[in-house]
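One structure is given here, and the rest of the page talks about it.
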Amino acid sequence: MDFQVKVLLLSFVITVVASIIVIPVLKKLKVDQTEREDGPKSHLKKQGTPTMGGIIIMLSVVLTSASGFVYYYHTDITVAVKILPLVFIALGFGTVGLVDDFKKVVLKDTTGLKPSYKMFGLLIVSVAYVLYLTEVLKLGTQTYIPFFHVYIDLPMWFYIPFAIFVILATTNAVNLTDGVDGLAGSVVAIIMTFLTVLSILFDLKEVTVVGSVVIGACLGFLVFNLHTAKVMMGDTGSLLLRWYYSFNCPLF
């Protein structure tokens, strides 16, 4: 437990320090928030706020998760190996969001990446993630049914597409939540706290570590994202953070 607290605090500090460095750079590069003309008029005042702040969260997740990987590499190699796919799916989704943000704020195309292209990118990441867990880590297809307190073994031919479907079905959850100062970060921090506590009860050390990393990153980002926001996370952050849904399938 002490290690997870240290990881959370480290993630918080890295995010705050990275924000102090990156936000002025985003301002200098004029990577500004561009609001859709058909959106709420109240959102027009956000015009000019630096976006793509998800890069900060991405940086924190990579650096802090790396410290968790190194720690468990010397104490429990099986946990260290299981940290990798969690970081991979976060970075994979974050990269798709980064491409979307690039089109919006650099190319000044408010429509961003085409939905079909975005879903295709998320599909590739999801397929690689699920196949790695089932074929490389051999985690199996045992699924917990909470209301009946039983585990059931799903056939592999059903489990793989089911896991991919669950991940993709929730793909825009954080993306839709983002839009009001501090909303997405605070919601994710609360939900991740619940999932991290749950992972402690299930003794899933890799989820506990990465969950603590995300909580710290969200809290650090909120220092600069609460009203009035000095930076917005953009799709880079919202798609990166939405992978916490994948904790339920297939890790639990």
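The values are calculated or read from the model by the stated rules, or taken from the named source; none is laboratory data. Values in this document were obtained by computation on a predicted structure and should not be read as measured data. Every residue, glycine as well, gets a Cβ built from its backbone with ideal geometry; the counts of neighbours run over all protein chains shown.
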*Quick one: count up the residues across the stretch 191-210 that are within 21 Å of I57 (Cα to Cα), without any contact (Cβ under 8 Å) to a residue 60 or more places away in the chain and either in contact with a strand residue (DSSP E or B) (Cβ under 9 Å, 6 or more places away or on another chain) or not hydrophobic (A, V, I, L, M, F, W, C) (or both).*
1
*Are any of the residues in the stretch 102-114 part of a helix (DSSP H, G or I), in contact with a helix residue (DSSP H, G or I) (Cβ under 6 Å, 6 or more places away or on another chain) and aromatic (F, W, Y)?*
no
_Whether any residue in the stretch 238-247 is more than 16 Å from L84 (Cβ to Cβ), buried (at least 24 other Cβ atoms within 10 Å of the Cβ) and either more than 16 Å from the chain's Cα centre (by Cα) or at pLDDT 90 or above (or both) is what I want to check._
no
*Restricting attention to the stretch 70-84, which residues are crowded, with 21+ Cβ neighbours inside 10 Å and either closer than 19 Å to T171 by Cβ or of a type outside the set (A, V, I, L, M) (or both)?*
K82
*Out of all the residues in the stretch 143-165, is one or more closer than 15 Å to I89 by Cα and in contact (Cβ under 8 Å) with a residue 12 or more places away in the chain?*
yes
*How many of the residues in the stretch 186-215 are polar (S, T, N, Q) and over 22 Å from S67 (Cα atoms)?*
1
*Output yes when any residue across the stretch 123-133 is within 22 Å of V62 (Cβ to Cβ) and in a loop (DSSP other than H, G, I, E, B), and no when none is.*
no
*Exclusive hit being at pLDDT 95 or above and either hydroxyl-bearing (S, T, Y) or not in a loop (DSSP other than H, G, I, E, B) (or both), set V13, V5, V70*: V13
_Out of L98, L123, L131, I need the residue that is over 25 Å from G54 (Cα atoms), modelled with pLDDT of 90 or more and under 21 Å from the mean Cα position of the chain (by Cα). Which one?_
L131
*Please work out if L139 is in a helix (DSSP H, G or I), surrounded by fewer than 16 Cβ atoms within 10 Å (Cβ to Cβ) and not aromatic (F, W, Y).*
no
*asked:* Looking at the stretch 88-102, can you tell me whether even one residue there is closer than 30 Å to I14 by Cα, among the polar types (S, T, N, Q) and surrounded by fewer than 17 Cβ atoms within 10 Å (Cβ to Cβ)?
replied: yes
*Out of (1) among the β-branched types (V, I, T); (2) surrounded by fewer than 16 Cβ atoms within 10 Å (Cβ to Cβ); (3) within 16 Å of E206 (Cβ to Cβ), the odd one out for V106 is which?*
(3)
